[in-house]
Amino acid sequence: MNLKQARPSRARRMCPDLAERLSHRLDPPPKTGRSLVLGRCLTVGAAVIFLTLVLLASVLLQAILYPWFLGTISDVKTNAQVLESRVDNISALSSEVKRNRGGVEAAGVQVQMVNASLDHMRSQIRRLETGVKEANARIQTLTSSWEAADKLNAQIPGLQRDLDKASALNAKVQGLQGSLENISKLLKQQNDILQAASQGWKYFRGNFYYFSRISKTWYSAEQFCMSRNSHLTSVTSESEQEFLYKMAGGLLYWIGLTKAGSEGDWYWVDDTPFNKVQSARFWIPGEPNNTGNNEHCANIKQSSLRSWNDASCDNTFLFICKRPYIPSEP
Ligand SMILES: [Ca+2]
């Protein structure tokens with residue numbers, strides 16, 4: 001209904017006759033040749049108008065859109081160039097990446113090796129730290145030991161003094177011990193002398209002498225002395241000679257001096273070497289005279305340094321035995 005209403009008003013403004021005729025057409029038109037031409041006129045006019053409007057619109061659109069299209073196309077070209085350059089850059093980067101991939105892999109291997117080395121170094125550092133701790137502990141121990149050594153070192157002078165005192169005391173003790181041993185020896189010797197004295201022996205300078213109370217021939221007297229582990233006495237010094245003649249008291253005593261055969265040399269029966277020169281002072285002046293060529297044994301006849309006389313060995317006299325003093329075992 002609206003379209004039907006709008007079309008007549010519009011046609012009336014543009015073509016009154018046409019509108020008039022159109023209104024008549026809306027009504028049941030009379031079917032004539034004139035109306036047919038009019039309809040064709042209206043159709044052509046409308047087509048012309050429509051084409052004109054389209055042409056105008058096209059021109060207008062071209063006038064407006066052509067610069068925009070040109071700008072857009074330029075932008076697209078620019079963007080395409082940019083994209084092309086970026087694609088080139090990307091290609092270059094891709095090849096660069098490919099080239100660097102091997103280096104990156106090698107670098108990764110090196111990084112792994114470096115990490116392994118770092119782990120090894122960390123373990124070594126831990127071991128070193130442990131070693132340092134142990135060394136510190138040992139240093140503390142040594143320090144304490146050193147302090148103890150210092151204390152001991154400070155005590156050394158006192159110990160040295162004590163040691164010197166001890167050494168002096170030790171020397172005194174050794175001296176006392178020596179003296180004690182000497183005293184012990186003297187006591188032992190005294191005991192031996194007393195024991196020998198109880199059996200009639202006299203002690204003089206390392207020897208025991210027995211002055212008999214009975215008379216025997218020289219040989220019998222020697223036999224008696226040998227039975228007492230001794231011999232008729234020898235005389236080897238002036239002091240011994242003095243001891244003997246004083247003990248003899250002027251009585252006659254055989255001594256151990258005899259001759260080897262009737263014309264032999266004098267000798268001591270206890271094998272002491274006979275010194276003829278040194279012994280010459282002990283003979284009584286004029287002796288030995290070998291009276292009757294039978295005096296082969298000697299005796300002490302006078303109470304003086306010159307007391308010896310040669311006599312017949314078969315005479316009987318008192319006699320003197322002699323044995324060296326040998327300390328008995330303790
Ligand atoms: Ca004589």
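Quick one, what does Rg over Rh come out to for region 233-290 if you take C-alpha atoms and the Kirkwood Rh? Don't skip to the answer; put the middle values down first.
Working: Rg = 11.6 Å, Rh = 12.4 Å.
Rg/Rh: 0.94.
Let me test this: with uniform point scatterers at the alpha carbons of region 108-244, what is the Debye-based log₁₀ I(q)/I(0) at q = 0.14, 0.18, 0.21 1/Å?
-0.91, -1.10, -1.23
Grab the eigenvalues of the alpha-carbon gyration tensor for region 186-324, scale each by 5, take roots, and send me the semi-axes largest first in whole angstrom. Mind dumping the intermediate values first?
On the way: eigenvalues 125, 50, 37 Å².
For region 186-324, the ellipsoid semi-axes come out as 25, 16, 14 Å.
Any idea of Lys246's accessible area? Nearest 10 Å², probe 1.4 Å.
It works out to around 120 Å².
Can you compute the charge dipole magnitude of region 186-324 about its Cα centre, using +1 on each Lys and Arg Cβ and -1 on each Asp and Glu Cβ, nothing else charged? Give it in debye, rounded to the nearest 20. Kindly include the intermediate steps, with their values, before the conclusion.
Numbers: 14 positive and 13 negative charges, 106 e Å.
Result for region 186-324 is approximately 520 debye, rounded to the nearest 20.
Per the 1.4 Å probe, what fraction of the accessible area of the chain, in percent, lies on carbon and sulfur atoms? Walk me through the numbers before you get to the answer.
Working: 14270 of 23970 Å².
The C+S portion of the solvent-accessible surface of the chain is 60 percent.
Using +1 at the Cβ of each Lys and Arg and -1 at the Cβ of each Asp and Glu in the chain, identify which of His231, Thr130, Gly250 lies farthest towards the dipole's positive end.
Positive-most Cα among the choices belongs to Thr130.
Relative contact order (percent) for region 195-247, with alpha-carbon contacts under 8 angstrom and 6 or more residues of separation?
Working: 22 pairs, mean separation 10.2, N = 53.
That works out to 19 percent.
Helix 238-248 against the longest principal axis of the chain: what's the angle in degrees, Cα atoms only, rounded to the nearest 10?
So the inclination is approximately 50 degrees.
As an exercise, find the ratio Rg/Rh for the chain from alpha-carbon atoms, using the Kirkwood inverse-distance average for Rh.
Working: Rg = 84.9 Å, Rh = 36.8 Å.
With Rg and the Kirkwood Rh in hand, the quotient comes to 2.31.
Nearest 10 degrees is fine. How inclined is helix 16-26 to the longest principal axis of the chain, computing both from alpha carbons?
Orientation of helix 16-26: about 90 degrees from the principal axis.
Using only Cα atoms and rounding to the nearest 10 degrees, what angle (0 to 90) does helix 2-14 make with the longest principal axis of the chain?
Computed tilt is about 60 degrees.
Based on Cα coordinates alone, diagonalise the gyration tensor for region 51-119, multiply each eigenvalue by 5, take square roots, and list the semi-axes in whole Å, largest first.
Details: eigenvalues 738, 21, 10 Å².
Three semi-axes, in Å: 61, 10, 7.
At 1.4 Å probe radius, can you tell me the per residue accessible area of the chain in Å²?
I get 73 Å² per residue for the chain.
In whole angstrom, and with the biggest value first, how far do the Cα coordinates of region 36-164 range along each principal axis?
Computed over the Cα atoms, the extents are 169, 30, 25 Å.
Using 7 Å Cα-to-Cβ label points, what is the Gln199/Thr291 separation (nm, one decimal)?
Going from the Gln199 label point to the Thr291 one covers 3.7 nm.
Considering the chain as a Gaussian network with a 10 Å cut-off on Cα pairs, which listed residue, Ile139, Ile90, Ile284, attains the greatest mean-square fluctuation?
Ile90
If you count only protein heavy atoms and use a 1.4 Å probe, how large is the accessible surface of Tyr253, to the nearest 10 Å²?
In the full protein context, Tyr253 sits at about 20 Å².
Relative contact order (percent) for region 245-312, with alpha-carbon contacts under 8 angstrom and 6 or more residues of separation?
Details: 118 pairs, mean separation 26.9, N = 68.
Normalised by residue count, the contact order of region 245-312 is 40 percent.
The values are calculated or read from the model by the stated rules, or taken from the named source; none is laboratory data. All of these numbers come straight from a predicted model, not from anything done at the bench. In this analysis, Cβ positions are derived from the backbone assuming ideal geometry, glycine residues included, and neighbour counts consider all displayed protein chains. Side chains are part of the model used for accessible areas, which takes the heavy atoms of the whole protein and leaves out ligands, DNA and RNA. Shrake-Rupley method; radii C 1.70, N 1.55, O 1.52, S 1.80 Å.
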